[in-house]
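Asks: After the structure tokens below, expect a handful of questions from me.
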Amino acid sequence: MRTLEVNGRRYRWMSDPLVVVCVDGCEYDYLTQAAAAGRTPYLAKLLREGSAFKGDCVVPSFTNPNNLSIVTGVPPAVHGICGNYFFDREAGAEVMMNDPKYLRTGTVLAAFAEAGAKVAVVTAKDKLRKLLGFRLKGICFSSEKAHEASLAENGIEEVVKLVGMPVPSVYSAELSEFVFAAGLKLMRSRRPDLMYLSTTDYIQHKYAPGSEGANAFYAMMDRYLGELDALGAVVALTADHGMNAKTRADGSPNVVYLQDAIDGWIGKERARVILPITDPYVVHHGALGSFATVYVEETQRRQVAARLAELEGIELVLANAEASRRFELPPDRMGDLVVVSTKHVVLGTSASRHDLSGLDAPLRSHGGISEQTVPLVFNRRTAGIPGKPRLRNFDVLDVALNHLESGAPR
Ligand SMILES: [Zn+2]
């Protein structure tokens, strides 16, 4: 049997086309509640007769670190992407981490393509495209920039015509629907051996599991996944992270502003708070998540850590080395302290630096340990997963390629 080794893990060659879907912000309850409401007959069948597991995502439970873990099969300590945004110690500047130059290893997608598989990647937002498409000889484009796709850059052209849907707004459910519609058209027209579809969490930031807004989204997804299954594809679904309400009893955002607090203790410009959730698309979360990292001079470190730990809403404060070990993060890209807030609390820098005017619904967000549980759902039964007491979302390719029984469940 032909296999391929990538980043120290061995994968069997696919016998049927494999579609891995990363549903952004998919708390497990979204699946069960939409199924219970009768809105997702296909997913209900998978939960009942396929294989459905709960696993852990990477902390910080943000989009980019987890998407990269899923496609490389390893934690951020190995692939290097630990946020959307970081303080580059070498450059002495705060920068976005969405450039492939920050990737420290290749992807399973690129390795299969290199070995001769037909590979296609469709992502909702363009911010992920270059990372997911790192050294990939295949198709790779985003819904957001579908109209700009070219053979040279994306391995495909005339995407909008192929999909038959107008390019949606970056803040819409349709941005994710475009991903599924494109995936289905690609499966029908080119039948890729391996396809990776990654949505956006616009809906999950706005709507709680079981609400009409959420159920309608999953009903849409259900139709596409059912059609991919009918075409003979193995469907493997996971998520980059979960999602929780981050509000006080009155519905206002429940924020701890770390920079303001630390400045009050040790004075201004002695510490730098970095929020790795920061990206160019902040309207739906105001750059507020449950994970932060703090750069602070050594003499102040113990004091600041102790006082942070006493703040209401703080779950954990760890020094760099301990946090890097526990969460498998690259120490050189994290601050001196790592701060995680509790389930319904988010972390900000200074109140004056967060524009919350775009929040048109009570804040829901992610980033912490409280958003670590994610689904892993397959349309085939497993023959057992040996040696896996704790399943991770970045085991999805291993399970899909190495541990599924062939043939759909009867
Ligand atoms: Zn996400």
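The values are calculated or read from the model by the stated rules, or taken from the named source; none is laboratory data. Nothing here was measured: the structure is a model prediction, and the numbers come from that model. Cβ sites come from the backbone with ideal geometry, for glycine too, and all protein chains shown count toward neighbours. For the accessible areas, the whole protein counts, side chains as well, though only heavy atoms, and no ligand, DNA or RNA atoms are used. Shrake-Rupley method; radii C 1.70, N 1.55, O 1.52, S 1.80 Å.
Asks: Counting just the Cα atoms, what span does segment 228-317 cover along each of its three principal axes? Round to the nearest Å and put the largest first.
Replies: If we take the Cα atoms of segment 228-317, the spans are 62, 35, 25 Å.
Asks: Go through 241, 347, 311 and say which Cα lies farthest out towards the positive end of the charge dipole of the chain; charges sit on Cβ, +1 for Lys and Arg, -1 for Asp and Glu.
Replies: 241
Asks: Separate question: With just the Cα atoms of the chain, tell me how far they stretch along each of the three principal axes, in Å, largest first.
Replies: Its Cα atoms span 62, 44, 43 Å along the three principal axes.
Asks: At a 10 angstrom cut-off on C-beta neighbours, averaged per residue, how do the peptides 10-20, 173-183 rank from highest to lowest?
Replies: So the peptides 10-20, 173-183, ranked by packing, come out 173-183, 10-20.
Asks: With unit charges on the beta carbon (Lys/Arg positive, Asp/Glu negative), name the residue among 252, 217, 192 whose Cα is farthest towards the positive pole of the charge dipole of segment 192-264.
Replies: 252
Asks: Continuing with the same structure: Gaussian network model of the chain, Cα springs within a sub-10 Å range: biggest mean-square fluctuation belongs to which of 197, 397, 356?
Replies: 356
Asks: Right, next: Could you identify which residue out of 354, 344, 205 has the top mean-square fluctuation in a GNM of the chain using Cα springs shorter than 10 Å?
Replies: Judging by the Gaussian network model, the answer is 354.
Asks: Okay, next question. If you average 1/r over every pair of different alpha-carbon atoms in segment 76-142 and take one over that average, what Kirkwood value in Å do you get?
Replies: Taking every pair of different Cα atoms in segment 76-142, averaging 1/r and inverting gives 12.8 Å.
Asks: Gap in Å between the Cα centre of segment 69-107 and the Cα centre of segment 357-410?
Replies: Going from one Cα centre to the other spans 22 Å.
Asks: Turning to a different aspect of this structure: Structure shown: which of 45/388; 118/185; 130/161; 125/246; 145/246; 101/185 lie over 21 Å apart, alpha-carbon to alpha-carbon?
Replies: Pairs exceeding 21 Å: 45/388; 130/161; 125/246; 145/246; 101/185.
Asks: At a probe size of 1.4 Å, how large is the accessible area of residue 227, to the nearest 10 Å²?
Replies: Counting only protein heavy atoms, the figure is 70 Å².
Asks: Given a cut-off of under 8 Å on Cα pairs at least six residues apart, what relative contact order in percent is computed for the chain?
Replies: It rounds to 27 percent for the chain.
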